[in-house]
Amino acid sequence: MRGGQGMKRVAVVMGGTSHEAAISLLSGAAVAEALRQAGYGVTEARLTRDSADEVPRDVDAVFIALHGGYGEGGGIQADLDALRLPYTGPGAAASRLCMDKPATKAVLRRAGIPTPEGAVVTVEAAAFPPPFPLPVVVKPPRDGSSVGLSKVTVPGQWPEAVRRAAAQDTRGEALVERYVPGRELDVAVVLGEALPPIEILAPGGWYDWHAKYAEGGSRHAFPEEDAMTREARRLAERAYAATGCRGAVRMDFRLSPEGDLFMLEVNTVPGCTARSLLPEAAAHVGIPFPALCARMVEAAAYGD
């Protein structure tokens, strides 16, 4: 069910219990200010537990700025569905899918979208060789913001990488992927339309937590439009449809030296901080941040 035009009262939900709570508070504060500039009445709801009990009921829509865990994995979406409160971003089913990286990769492959070869292992795999030739990337299968992410280039790094990733996962598992050398690209999709790709220029070509959030951790650039950028946008829009997304989401890509694109994952609650990629991509095509947030609110819905 879609929310209608003219919504005026919005609760911006932020904080929460995940390790991304601090970033969520920054996103939420930025969104709240942008929505006020756009003419909305805004209530800032800082969650302290994984529950919708702290979400105001007397609002027209909920803007989810809650990263990780309950906010990104379908939890709050399901609770808001039960309350019949429209909210920004994908529904509960799509959120659960996209938080689960192995499940997402399977959907992408069925849709004809290239993604690096991967395998799920348990912590016991630390005692055995990696399933793919080095280098490989090891990450938690159901987490975000590059926490627990490692690039393994020599055998001695493998055991700790597996243990670190598994420690962040609810099932104690780790996702191992073949490393794709080359360039890091990011494509935001807003209401089904892909925005121009952003290239992330991180130190050493490794986009970890520090490169994402620390001041000076990485630089962003917009490549000139060409066949590659058009293909990245096409693949992002196809992934948006294949995963059942709505609202505004973000896709991470690697571009190999041979010019092949590989989608890494789908982010269903993109960051909205001063360093975030979604607002930057929107501004590049003439959509100011308050207008972007307003578009997301006016497209708010509940149910899948």
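Computed from the coordinates by the stated procedures, all read-outs in this text should not be read as laboratory data. Bear in mind the structure is a predicted one, so any value in this text is a computation, not a measurement. Counting neighbours? That spans all protein chains shown, and the Cβs are built from the backbone with ideal geometry, glycine included.
Taking trypsin sites (Lys or Arg not before Pro) as exposed when their DSSP state is a loop state and no more than 14 other Cβ atoms lie within 10 Å, the longest site-free interval of the chain runs over 172-304.
Within the chain, how many lysine pairs that are 8 or more places apart, or on different chains, have C-alpha atoms less than 16 Å apart? Counting lysine pairs in the chain gives 5.
Comparing Val176, Val13, Val55 along the charge dipole axis of the chain, the residue lying farthest to the positive side is Val55, per the Cβ-charge model.
Projecting the Cα atoms of Phe128, Ala283, Ala45 onto the dipole axis of the chain, where Lys and Arg carry +1 and Asp and Glu carry -1 at the beta carbon, places Ala45 farthest toward the positive end.
As a test of understanding, state the convex hull volume per residue of the chain from its alpha carbons, in Å³.
That works out to 119 Å³ per residue.
Our helix-only sum for the chain, with -39,500 (n - 2.57) per DSSP H run of n ≥ 4 divided by its residues, gives a mean residue ellipticity at 222 nm of -9500 deg cm²/dmol. Only the Cβ atoms of Lys and Arg (+1) and of Asp and Glu (-1) were treated as charged; on that basis the dipole of the chain about its Cα centre amounts to roughly 280 debye. Separation of segment 116-176 and segment 54-75, taken as the distance between their Cα centroids, equals 30 angstrom. Of all DSSP bridge pairs formed entirely within segment 1-160, close to 20 percent run antiparallel.
Between amide H atoms placed 1.01 Å from N, distances below 5 Å from His220 occur with Leu201, all of them 5 or more places distant or on a separate chain. Taking θ as phi - 60° and the Karplus parameters 6.51, -1.76 and 1.60, the scalar couplings of segment 31-43 work out to 5, 4, 5, 5, 5, 4, 4, 7, x, 8, x, 10, 10 Hz in sequence order, x denoting glycine and proline.
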